[in-house]
Structures are given as structure tokens and as C-alpha cells.
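*Asks:* Got a structure for you, written out below as C-alpha cells; questions coming shortly.
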Amino acid sequence: QVQLVESGGGLVQPGGSLRLSCAASGTIFSCNGMGWYRQAPGKQRELVAAITSGGNTNYTDSVKGRFTISRDNAKRTVALQMNSLKPEDTAVYYCNAEIKIRIWSTWLSYWGQGTQVTVSS
């Protein structure tokens, strides 16, 4: 059984910073791509940032230059440093990871439970 547990959400004023963390645990043989998605009320879930096991990163245009994704392969964690936050960044943020639980298994996508980020004065 695989679990992704997120932490670090909360309420912050515009221009402030937050750091989200996500840890994968359970029966894991290998962890491939990891990323953060977000879903605002009434909107579809969107990719915010992603990182490969080799450290290559990808960001949605609206967060480039403000957010930084990083990972620790040994600890199976991924983090999202969010700076210069704007009200439009308000959403539930979800951690995602592509995981193989056994050497012969297929890659499956796992999701965290979500953490609320609210940017408001």
C-alpha cells in the first residue's frame, strides 16, 4: 500500500511564501516522476510543477520564476517552494507520484489527500 502525505498548506498574505512537502511511504520499488497539481473552486485540476527522477523540472507558465520544485530520491519526498504568492494561487494542492511497487509491476499514479493554500489579505 502506497501513501502520499502532504503538509505545509495554510493562509498567507499576497507576496508571502509557503513551502509544501510530500512524502511517499509504503511498499515502493521505485519512484519516477513526481509533481504538484492544484484545483481551485469551479476549475479543473492543473499541473503546477513536475520533476523527473533525474531532476528535470517543468512549470506551468503562471508560476515560473515564483515556484521551485525539488525532490529527495533517497527519502522519496518532493517539495514545492512558493514565493511571491498571489490570490490566484489559492487552491487545493495535490502531490502526485508515479510509482512501481515491485520490479515487475507497472507504473501507477498515486495522489495525496490535498492541502489547502489560501492567499488573501
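The values are calculated or read from the model by the stated rules, or taken from the named source; none is laboratory data. Since the structure is predicted, the reported quantities are computational estimates derived from the model, not experimental observations. With ideal geometry, Cβ positions are generated from the backbone for all residues, glycine too; neighbour counts draw on all protein chains shown. The area values use the complete protein model at the heavy-atom level, side chains included, leaving out ligands, DNA and RNA. Shrake-Rupley method; radii C 1.70, N 1.55, O 1.52, S 1.80 Å.
*Asks:* For the chain, list the cysteines whose Cβ sits under 4.7 Å from no other cysteine Cβ?
*Replies:* Result for the chain is 31, no neighbouring Cys Cβ within the cutoff.
*Asks:* Mean separation of Cα pairs under 8 Å and 6+ residues apart, divided by the residue count of segment 52-111: what relative contact order is that in percent?
*Replies:* Details: 45 pairs, mean separation 12.0, N = 60.
For segment 52-111, the relative contact order is 20 percent.
*Asks:* Mind jotting down the distance between the C-alpha centroids of segment 61-121 and segment 1-58, whole Å?
*Replies:* Result: 1 Å between the Cα centres.
*Asks:* In the chain, how many lysine pairs have Cα atoms under 21 Å apart, counting only pairs 8 or more places apart or on different chains? If you can, show how the numbers build up before the last one.
*Replies:* Numbers: 43/64; 43/86; 64/86; 75/100.
Lysine pairs meeting the criterion: 4.
*Asks:* Would you mind classifying segment 8-73 by shape? Square roots of the alpha carbon gyration tensor eigenvalues, ordered a ≥ b ≥ c; an a/c under 1.5 is rounded, otherwise it is prolate if a/b is larger than b/c and oblate if not. Walk me through the intermediate numbers first.
*Replies:* Working: a/c = 1.69, a/b = 1.59, b/c = 1.06.
Prolate is the answer for segment 8-73, as a/c is 1.5 or above and a/b outweighs b/c.
*Asks:* Here is a further query. Can you tell me, using C-alpha contacts under 8 Å and at least 6 residues apart, the relative contact order of segment 1-69 as a whole percent? Please report the intermediate quantities before stating the final value.
*Replies:* On the way: 85 pairs, mean separation 14.9, N = 69.
Here the relative contact order equals 22 percent.
*Asks:* Here is a further query. Using a simple charge model, +1 on the beta-carbon of Lys and Arg, -1 on the beta-carbon of Asp and Glu, nothing else, what dipole does segment 65-120 show about its Cα centre, in debye to the nearest 20? Spell out each step's value before the answer.
*Replies:* Details: 7 positive and 4 negative charges, 53 e Å.
Dipole size: approximately 260 debye.
*Asks:* With every protein chain kept in the model, how would you rank 19, 45, 76, 38 by accessible area, 1.4 Å probe, largest at the top? Can you show the working numbers first?
*Replies:* Working: 19 120, 45 95, 76 75, 38 15 Å².
Greatest to least solvent exposure: 19, 45, 76, 38.
*Asks:* Could you work out the relative contact order of the chain? I mean the mean sequence separation of Cα pairs under 8 Å and 6+ apart, divided by the number of residues, in percent. Show your work: numbers first, answer last.
*Replies:* Details: 308 pairs, mean separation 43.8, N = 121.
Normalised by residue count, the contact order of the chain is 36 percent.
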